[in-house]
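Have a look at the structure below before the remarks.
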Ligand code: MN
């Protein structure tokens with residue numbers, strides 16, 4: 001018999017701009033209080049106006065964590081200093097473990113004729129434990145067709161990006177135990193989704209209208225943080241709805257962050273800034 005988790009709090013996404021002028025909705029990461037260990041940041045991009053996304057994110061570094069980009073519509077071109085080049089399309093995932101340092105660019109390409117100019121994506125920042133912050137970087141380019149689907153009956157389907165669900169294993173390798181599920185629900189469907197007991201967890205509504213544990217969902221792009229006790233969450237779609245289910249074992253270490261660097265101490269942040277300035281994190285040619 002499973003016990004379900006309650007909706008504990010809502011982090012309301014704030015509309016902001018980052019990169020070279022990309023409009024986005026930021027829930028996790030908008031302040032040091034808006035974190036959900038091990039998740040540091042969650043940005044949701046969605047626009048049909050090229051001036052809100054086309055500038056993209058020119059060359060910039062990361063150290064100490066992972067960036068996970070999930071494309072929903074449009075295309076993004078990525079290149080990093082290690083020579084990984086990718087063009088992400090709808091349904092593709094890029095799981096980039098920056099660890100000791102990656103310099104990369106993420107450009108929202110203008111090839112949108114097939115999708116009517118819509119760019120839609122989610123970027124999640126996943127923390128790394130101190131023991132892995134200075135490991136070698138790793139790049140996982142996961143194409144849409146490589147993401148298995150959990151069978152949830154005729155009115156619901158779940159893409160398993162990371163972790164396991166209903167015996168289906170997601171393709172992403174994760175350093176600490178993490179589940180990322182993308183759930184599509186038809187209007188009036190109800191599902192109960194398992195959440196491992198030790199995980200912190202949250203639900204993000206990307207489209208539609210839904211209830212969590214019988215309570216109305218607070219709105220698109222906001223994150224509903226669930227309580228720590230219980231091993232499942234129940235969702236009820238009021239309309240066709242798309243949701244992300246995030247959960248992970250908390251790392252429980254101090255977080256020192258500055259811009260694109262997330263370490264454990266202030267000294268390590270200073271070192272990261274020095275290393276980047278001196279070119280020790282690498283160069284984009
Ligand atoms: Mn980046």
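The simple Förster model, with R0 at 45 Å and r as the Cβ-Cβ distance, assigns residue 118 and residue 271 a FRET efficiency of 0.65. Spin-label model, residue 32/residue 285: points 7 Å from Cα along the beta carbon direction are separated by 4.1 nm.
Rounded to two decimals, the Cα-based Rg/Rh of the range 134-222, with Kirkwood Rh, is 0.99.
Once the gyration tensor of the Cα atoms in the range 173-222 is diagonalised, the equivalent ellipsoid follows with semi-axes of 22, 12, 11 Å, ordered largest first.
For the chain, the longest principal axis of the alpha carbon atoms and the long axis of helix 266-277 meet at an angle near 60°.
The Cα center of the range 217-245 and the Cα center of the range 114-172 differ in position by 17 Å. In percent, rounded to a whole number, the relative contact order of the chain is 21, using alpha-carbon pairs under 8 Å and six or more apart.
This ranking places 182, 231 by how few other beta-carbon atoms lie within 10 Å of each, fewest first, which gives 231, 182.
Give the calculated FRET efficiency between residue 90 and residue 136 to the nearest 0.05, with a Förster radius of 30 Å applied to their Cβ-Cβ distance.
With R0 = 30 Å, the Cβ-Cβ based efficiency is 0.50.
Taking 0.36 nm per residue of sequence separation and removing the Cα-Cα distance, the residue 252/residue 240 pair yields an extension gain of 0.7 nm. Our compactness index for the range 59-166, the C-alpha radius of gyration over the empirical 2.2 N^0.38 Å, is 1.17.
Per the Debye formula on identical point scatterers at the alpha carbon atoms of the range 1-143, with no solvent, log10 I(q)/I(0) at q = 0.09 Å⁻¹ is -0.29. Taking 7 Å steps out from each Cα toward its Cβ at residue 15 and residue 49 produces label points 0.8 nm apart. Relative to the 2.2 N^0.38 Å rule of thumb, the chain has a C-alpha radius of gyration ratio of 0.97.
Laboratory data are not the source of any read-out in this text; all were calculated from the coordinates shown. Since we're looking at a predicted model, the values are computed, not measured. Because the Cβ atoms are built from the backbone with ideal geometry, glycine has one as well, and the counts that use them run over all protein chains shown.
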